[in-house]
Amino acid sequence: DAGVIQSPRHEVTEMGQEVTLRCKPISGHNSLFWYRQTMMRGLELLIYFNNNVPIDDSGMPEDRFSAKMPNASFSTLKIQPSEPRDSAVYFCASRPQAAGANVLTFGAGSRLTVL
Amino acid sequence: AQRVTQPEKLLSVFKGAPVELKCNYSYSGSPELFWYVQYSRQRLQLLLRHISRESIKGFTADLNKGETSFHLKKPFAQEEDSAMYYCALSNRDDKIIFGKGTRLHILP
């Protein structure tokens, strides 16, 4: 298994542009988490899904952020319009359903720079 | 509200000296606590979890419910321990939140 796959690895865009980050979780994992990493705030939970259903999106900063999980093997995090303060590393992580397997496997992250 | 607090952003320790990374949490129920680590140019990965009660790479952490703490300890630091360490908490809804992280720098 290639693990959790995120794309793009790096994105540089201008303020006001739409950004779409993608994630493919590990096959068989039924939970998917999106986190944002910055020096000031550390690792913030944005949203998480169980069985493709959003469970808690209270960490999504504002309406400019949206996330979808149309099927068990794909999720997107969209920022529209993007702002310089959105610059961060965005991580996707997945987790299996098995009891006691409450451990996240992280992707490599998507580093976003908004100019 | 649940929260994880790591009071130190940066901790510098000499090689061979003891290490203690602090983590305090607030949660009204019975949480599950974890330590995750991110080595340079590697992915975030699990280091240990309190229910396993095991030592990984010489690190241990004990859940102290009275003090609501889950400090990470190692008796003798090694240079390869230099990394970013995150304490994490999972609640009954399986939501997992992280602290702000502590960068551990092992001095030669």
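The values are calculated or read from the model by the stated rules, or taken from the named source; none is laboratory data. Treat the numbers as computed from the prediction; the structure is a model and nothing was measured. No Cβ is skipped: glycine too gets one built from the backbone with ideal geometry, and neighbour counts run over all protein chains shown. When the accessible area is computed, the model is the full protein with side chains, heavy atoms only, and any ligands, DNA or RNA have been set aside. Shrake-Rupley method; radii C 1.70, N 1.55, O 1.52, S 1.80 Å.
Key figures for this structure:
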| item | result |
| --- | --- |
| Mean Cα-pair separation over length for chain B, i.e. relative contact order, pairs under 8 Å, 6 or more apart, % | 38 |
| Residues of segment A:1-44 with amide N under 18 Å of the 7 Å Cα→Cβ point at A:SER87 | A:9-20, A:36-42 |
| Simple spin-label estimate for B:ARG103 and B:THR60 in nanometres, 7 Å along Cα-Cβ | 3.0 |
| Residues of segment B:78-108 buried by at least 40 Å² on assembly (accessible area, 1.4 Å probe, chain alone as reference) | B:TYR86, B:ASP94, B:LYS95, B:ILE96, B:PHE98, B:LYS100 |
| With every protein chain in place, segment A:15-84: carbon and sulfur % of accessible area (1.4 Å) | 50 |
| Phi to ³J(HN,Hα) by Karplus 6.51 cos²θ - 1.76 cosθ + 1.60 over segment B:97-108, Hz, x for Gly, Pro | 10, 10, x, 7, x, 10, 8, 9, 10, 9, 8, x |
| Relative contact order (%) - criterion: Cα under 8 Å, at least six apart; region: segment A:1-62 | 22 |
| Karplus-derived HN-Hα couplings along segment B:12-26 (A = 6.51, B = -1.76, C = 1.60, θ = phi - 60°), whole Hz, x at Gly and Pro | 10, 9, 6, 3, x, 7, x, 10, 9, 9, 8, 8, 10, 9, 10 |
| Kirkwood Rh and Cα Rg combined as Rg over Rh, evaluated for the protein assembly as shown | 0.97 |
| Candidates A:SER31, A:SER75, A:SER58: whichever shows maximal mean-square fluctuation once chain A is modelled as a Gaussian network with Cα springs under 10 Å | A:SER58 |
| FRET efficiency, 1/(1 + (r/R0)^6) with R0 22 Å, evaluated for B:LEU46 and B:THR68 via beta carbons | 0.55 |
